[in-house]
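Structure first, then comments.
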Amino acid sequence: MKILKFSSLLIAGAILSACATTPAEKAAQQKQLLDTQVSLAQQCNPKTAELMAQLPAAQNLPEAEKTAFEKAYVKQVNNPVFQACYKMAWTSYKEQNQLEIARMQAWDAENAWDWDNGFFYNDPWAFNIYD
């Protein structure tokens, strides 16, 4: 009985650790998100996009340069025209992704019929258990 409990605990731990994201994966996700944000900001204001791209490296700057960078960044990002443009770009990006997902789901539903009606399981590739 102890072996069963221990093995079930071990399997549960293995499944949970397999599902956890590693620090490298988290860093890659953050970099991908930053790249997306920079590319969307590039459509609105190249200078702001450049500041956004420099944001992770700005944490390592000396205090005086860091303060100047933050001041310039806040000034660029808080511009109402930039905010409106960036919001439109972000909304457009999300809607394009949703449209692509809908297209893939429609394609999947359309082609699922071929599998359901036996198109791929009839002669000459038949695997009929009823024959």
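The values are calculated or read from the model by the stated rules, or taken from the named source; none is laboratory data. Keep in mind that what you see is a predicted model, and the values were worked out from it rather than measured. For neighbour counting, all protein chains shown are included, and Cβ atoms are generated from backbone atoms with ideal geometry for every residue, glycine included.
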Going residue by residue through region 9-27, is there one that turns out to be of a type in the set (A, V, I, L, M) and closer than 30 Å to Pro80 by Cα? no
So for region 72-90 (the condition being in a helix (DSSP H, G or I), surrounded by fewer than 10 Cβ atoms within 10 Å (Cβ to Cβ) and modelled with pLDDT of 90 or more), does at least one residue qualify? yes
Mind listing whichever residues of region 8-32 are among the polar types (S, T, N, Q), at pLDDT below 80 and part of a helix (DSSP H, G or I)? Ser17
If the Cβ limit is 7 Å and pairs must be 6+ apart or interchain, which residue in region 56-82 that is within 25 Å of Ala28 (Cα to Cα) pairs with which residue that is hydrophobic (A, V, I, L, M, F, W, C) and part of a loop (DSSP other than H, G, I, E, B)? Phe69/Leu61
